[in-house]
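Q: I have a structure I would like to understand better, so I am pasting it below and will then ask my questions one at a time.
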Amino acid sequence: MLWKPGGSVRVVRRRWGWAPGRRAARSLRTWATAVVVLALLGPPIGLLWAEISPRVPYVVVSGHAVLADPENQAMIALDGRFAAISALAGVLCGIAAYAAGGRGRDLPLVLGLAAGCTAAAVLAWRAGHHVGLDAFERLTRRAPDGKAVMGVADLHAVGVVVFWPLLAVVAFGLLEAGDVARRVQRLAPGDGRDATAGQAQEVAGGQLDLQAAPSRRDVDGGKAGR
């Protein structure tokens, strides 16, 4: 009956329930949720960075702010503190993502982790940079030449934005490689025996019982006894 025209389609639909489509939708939902949740962490981190970072001194020249000292240590401190906060946030995000993983959704979760942490890092940078930016720009436009003003938080080594997504993925990968949550099922000694003996074998959606078929010896014996 399984091989009748139209019958195989009904069997496949009943048996699999279009699982590939549902699996793809679930993976997309997992990825999108991870991206949105992680991206929302960016602005608060940016405000924290702007609050704890030192201010870089500028000098007003023709209505524009120019660095008073290109080798000022405050610029290095700005980048360093952003890198430190991002690294810590990345590790924590990786741990949280691993704790929420499993059940076949690790791949979309890792992809969402990378994309969401990248978005969070960029949003943190821009949110921290805009703290006090309007007042700083008004002051530089109105101040006379030579006046010293203190700048706002900004990144001079933009490459540090990769710290957040990079360490998040590394933390997730290390936890997954170490199988911290014991998700991989290991066989106990003696459990490697052939567990399929005597069980029905599926062929094209149907079942074929291999034990139900008589052996060649039984057939030959039956012929000889006649």
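The values are calculated or read from the model by the stated rules, or taken from the named source; none is laboratory data. On a predicted model such as this, the values are computed, not experimentally measured, just so you know. Every residue, glycine as well, gets a Cβ built from its backbone with ideal geometry; the counts of neighbours run over all protein chains shown. These area figures cover heavy atoms from the full protein model, side chains too; ligands, DNA and RNA do not enter into them. Shrake-Rupley method; radii C 1.70, N 1.55, O 1.52, S 1.80 Å.
Q: Pop the C-beta distance of ILE76 and LEU47 into the FRET formula with R0 = 22 Å and round what comes out to the nearest 0.05.
A: Result of the calculation: an efficiency of 0.55.
Q: Can you give me the long-range amide H partners of LEU67? Hydrogens built in the peptide plane at 1.01 Å from N, cutoff under 5 Å, separation of 5 or more residues or another chain.
A: Sorted by chain and number, the residues that satisfy this are VAL59.
Q: Can you compute 3J(HN,Hα) from phi for each residue in the range 50-61, using the Karplus curve 6.51 cos²θ - 1.76 cosθ + 1.60 with θ = phi - 60°, rounded to whole Hz and x for Gly and Pro?
A: For the range 50-61, the Karplus curve yields 5, 6, 9, 8, x, 9, 8, x, 10, 10, 7, 9 Hz.
Q: Non-local amide H neighbours of MET150 (under 5 Å, H modeled in plane, Pro and chain starts lacking H): which ones?
A: Result for MET150 returns TYR58.
Q: Separate question: Let me know the shape class of the range 23-150, please: from the alpha-carbon gyration tensor, a ≥ b ≥ c as square roots of the eigenvalues, rounded when a/c is under 1.5, otherwise prolate if a/b is greater than b/c, or oblate.
A: prolate
Q: If the chain between ALA157 and ARG126 were fully stretched, how many nm would it gain, using 0.36 nm times the residue separation less the Cα-Cα distance?
A: Contour length minus the Cα-Cα distance gives 9.8 nm.
Q: Determine the shape class of the range 120-168: with a ≥ b ≥ c the square roots of the Cα gyration tensor eigenvalues, call it rounded for a/c under 1.5, and otherwise prolate if a/b is greater than b/c, oblate otherwise.
A: It comes out prolate by the Cα gyration axes.
Q: Another question, if that's okay. In terms of solvent-accessible area of protein heavy atoms at a 1.4 angstrom probe, what is the ranking of TYR98, TYR58, highest value first?
A: From most exposed to least exposed: TYR58, TYR98.
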